Amino acid sequence: MDDSIRYQRLLERYRNGDLSRRGFFGLLGIAGIAAGVVGGGLTLAGRQALAQAAAKPESVRFDGWGGVTSEAFRKHAFNPYESKTGIKVVEGTFASGDEFLTRVKAGREGEFNVFHASGVFDYARYAGLGYAVELNEANIPNLALVMPALMEPYRGVTGGTLSAVPYDYGTTGIAYNRDHISDEEVKELGAGILWAEKYKNKIGGWNDWRTRIWYAALYTGQDPNDIQDMDAVWQALRDHRKNILKYWTSGAELMSLLASGEIHVTEAWSGRVAALQQQGHNIGYHDPKNGFAWQECLMVLKGSPMAATEELLDFMLEPEVAIAVAEGQNYPPSLDPTKVDLGEKIPKLPAYDATGQLAHLTFARPDYWNGNEQEWAKMFGRIEKGY
């Protein structure tokens with residue numbers, strides 16, 4: 001039996017699921033195909049086998065935020081994708097973008113494949129560190145349905161190409177317990193409600209340095225994307241710390257604190273507040289002027305199996321899938337509402353933009369925030385600890 005016939009039979013067994021990926025490579029070696037030499041290199045059949053096996057791996061790893069977001073991904077996207085392709089989606093979770101970046105730096109290339117990145121500044125950080133890839137957009141035809149207003153900032157970071165697809169967007173606004181705080185008071189005070197002495201020990205806050213500085217800038221009357229007086233911001237954060245009950249560290253903890261009544265007001269993620277409202281909790285939500293808007297993407301990291309990840313991205317942008325995920329996690333999808341009928345629930349979600357232009361939302365400038373990250377994150381870390 002020559003190498004080509006032996007290779008074809010092994011590849012057929014692999015495709016039928018009779019061989020694991022590891023077993024496939026092992027038998028290639030035993031058969032003398034992967035190790036077969038023509039001038040000291042792989043045979044043509046061996047090269048073809050390696051390329052095709054790499055293109056269809058046994059699994060793709062996905063890392064996300066956990067909680068209701070991961071539940072929505074698993075139910076509406078990953079389970080159907082696995083049934084369709086036979087490729088397993090292995091899930092991991094993280095509490096912050098900084099935490100996940102630390103894992104990626106400590107890992108080996110290809111260990112992490114796709115992750116739910118928060119904001120263009122996260123995308124820019126990973127690209128700047130050399131983790132970006134160039135997606136073959138022809139393999140992701142559903143990109144044509146995505147709002148250009150969401151795609152262009154990513155293209156600007158990576159020279160016109162994409163290493164990610166925009167997937168959803170939302171805001172970090174002010175959540176408050178309507179049993180204790182009125183809508184009128186929140187609208188009147190805006191970000192100032194988070195500093196109100198009358199609610200001391202009933203105030204919460206996310207321990208994310210960007211969010212803390214953004215809201216301190218609003219409180220001190222400054223443009224969060226062009227802060228002129230950082231001393232005023234640091235003092236505001238020290239004053240805020242004196243009144244809060246605690247800093248929360250995850251969406252699950254945020255929801256628990258609000259639902260139990262342990263805190264009455266905090267900045268919060270729009271989708272988590274929508275989930276609480278759907279559960280019957282009397283929680284209000286307000287986006288102050290220049291409030292913190294963000295967009296999330298599904299970013300592919302260097303060393304990933306490209307064909308499989310591109311197929312996963314296209315599958316997740318399929319309107320039926322993207323809409324189901326959006327309804328499950330309570331964040332509007334990246335799909336252009338002028339091109340896709342998004343149903344009845346999504347237009348009622350906080351931050352939803354029916355125009356597809358997103359002109360009323362204020363996003364963080366990645367160059368500005370990433371450029372100040374080292375100094376600002378360190379300073380907030382000191383304030384968080386009480387210094």
May I ask for the percentage of alpha-carbon pairs in the range 218-259 that lie more than 14 Å from each other?
59 percent
Largest fluctuation, Asp208, Asp168, Asp239 only, Gaussian network model of the chain with Cα springs under 10 angstrom, belongs to Asp239
Heavy-atom accessible surface of the range 188-330: percent carbon and sulfur, 1.4 Å:
44 percent
What whole-number value in Å² describes the accessible area per residue of the range 100-145 for a 1.4 Å probe?
43 Å²
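Got a number for carbon plus sulfur as a percent of the range 72-152's accessible area, 1.4 Å probe?
Details: 1750 of 3490 Å².
So the carbon and sulfur contribution to the accessible surface is 50 percent.
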Report the relative contact order of the range 169-251, percent, no decimals, based on alpha-carbon pairs under 8 angstrom and at least 6 residues apart.
36 percent
Please give every one of the lysines within straight-line cross-link reach of Lys385, meaning a C-alpha to C-alpha distance under 29 Å, and leave out same-chain neighbours fewer than 8 residues apart.
Lys105, Lys198, Lys200, Lys202, Lys242, Lys246
Euclidean distance between Cα centres, the range 295-347 to the range 213-249, Å:
33 Å
Pick from Ala149, Ala132, Ala164: which is most flexible by mean-square fluctuation in a GNM of the chain where alpha carbon atoms under 10 Å apart are linked?
Ala149
Which percentage, to the nearest 5, of the DSSP beta bridges contained in the chain is antiparallel?
65 percent
Contact order relative to length for the range 53-143, counting C-alpha pairs under 8 Å separated by 6 or more residues, stands in percent at 35 percent
Restricting to aspartates and glutamates and to Cα separations under 17 Å from Lys378, and discarding same-chain partners fewer than 8 apart, the set is Asp98, Glu99, Asp208, Asp231
Quick one: which of 77-83, 290-296 comes out on top by average Cβ neighbours within 10 Å, and what's the full order, highest first?
290-296, 77-83
For the range 237-387, with every protein chain kept in place, what is the accessible area per residue (1.4 Å probe, Å²)?
41 Å²
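The values are calculated or read from the model by the stated rules, or taken from the named source; none is laboratory data. Note that this is a predicted model, so its numbers are computed, not measured. Every residue, glycine among them, receives a Cβ derived from its backbone with ideal geometry; neighbour counts consider all protein chains shown. In case anyone asks, the SASA skips ligands and DNA or RNA and just uses the protein heavy atoms, side chains included. Shrake-Rupley method; radii C 1.70, N 1.55, O 1.52, S 1.80 Å.
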